[in-house]
């Protein structure tokens, strides 16, 4: 090879490197599935090969529960652990816990069931259930949300929040924080000021003929699915008393999103489930419990069903829409084709899962 050839080769390599840097992040990054498992572990799964690539043991006591990825800095994820009294910060590249945020103090016992990181990756929101410590007794205090500055890891502020919150979600612009509670309407807060600015009716939607609408707004991989929050609901007919299974969705890319509820099938023992997911790509709804099934919300017909070898609490749709991961129970994750529901594989985790809300999240890096 001549000197001229070497110069041409170097120039070509430089151009290739520059071109790669100019490509959008999604053009070369790939998706990983994060799973919380006993006793206090965070599992990292490569979704191209559907294999476990890291098993990260967290410090202290478990169990590992809710996971909140950092959309702006996908190297980091946050996991609730230590009997729900702490939030661990995990470096996914290094495969280790780098710090933690204890919630309790000498005056209070504090636990959490919901965390979220804003799209800008600068704020960690932690829903807190505090108990005031007394002599031989505890006194329940107002539930609240703690806001952490992720650049300094310091507390910015706290503000009062509803009770029984199971999940949090941020709007795509980061200006609003949504709280989803058991048997309550959806509360909307100004994410910067911590003030309640709106309430979206869920429990009683004031629609003729509809009585109560109940849903369990847990398991919420919304950021990975273009900020679409979705979960299953049961809708009661105020005249007949009959119950209908449906899906609720909220598009958090909109400035003033409307809660959409679609009734799908009669609610009975065969259609029992804990929650569901609506695909923002195909607009199909996936449910799982003792079986996996797919429903078209336009026709309200079941299109495909697949038996499950174990009870899986939640169908988790891959952000690219091609595969469904069933998990949140047992010691494996079952993978299916999203179109046909044909089984693809099972991913052994090496640990049983905790079955808590938001035990699975996707991250692209």
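The values are calculated or read from the model by the stated rules, or taken from the named source; none is laboratory data. Remember, it's a predicted structure, so these values are computed and weren't measured experimentally. For neighbour counting, all protein chains shown are included, and Cβ atoms are generated from backbone atoms with ideal geometry for every residue, glycine included.
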(message) Criterion first (farther than 21 Å from residue 169 by Cβ and either surrounded by 20 or more Cβ atoms within 10 Å (Cβ to Cβ) or in contact with a helix residue (DSSP H, G or I) (Cβ under 8 Å, 6 or more places away or on another chain) (or both)) does residue 65 satisfy it?
(response) no
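Within region 265-281, is there a residue that is touching a residue at least 40 places away in the same chain (Cβ under 8 Å), in contact with a helix residue (DSSP H, G or I) (Cβ under 7 Å, 6 or more places away or on another chain) and under 25 Å from residue 359 (Cα atoms)?
Looking for residues that are touching a residue at least 40 places away in the same chain (Cβ under 8 Å), in contact with a helix residue (DSSP H, G or I) (Cβ under 7 Å, 6 or more places away or on another chain) and under 25 Å from residue 359 (Cα atoms), one finds at least one in region 265-281, hence yes.
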(message) For a quick check of your reading: which strands (runs of 3 or more DSSP E) sit entirely within region 253-365 and have at least 2 residues that are more than 20 Å from residue 228 (Cα to Cα)?
(response) 260-266, 291-296, 301-307, 332-337, 343-348
(message) List the strands (runs of 3 or more DSSP E) inside region 121-192, counting only whole elements, that have at least 1 residues being more than 18 Å from the chain's Cα centre (by Cα).
(response) 123-134, 137-140, 144-149, 154-160, 186-190
(request) State whether the residues of region 39-54 include one that is loosely packed, with under 15 Cβ neighbours inside 10 Å, modelled with pLDDT of 95 or more and either within 14 Å of the chain's Cα centre (by Cα) or part of a strand (DSSP E or B) (or both). (result) yes
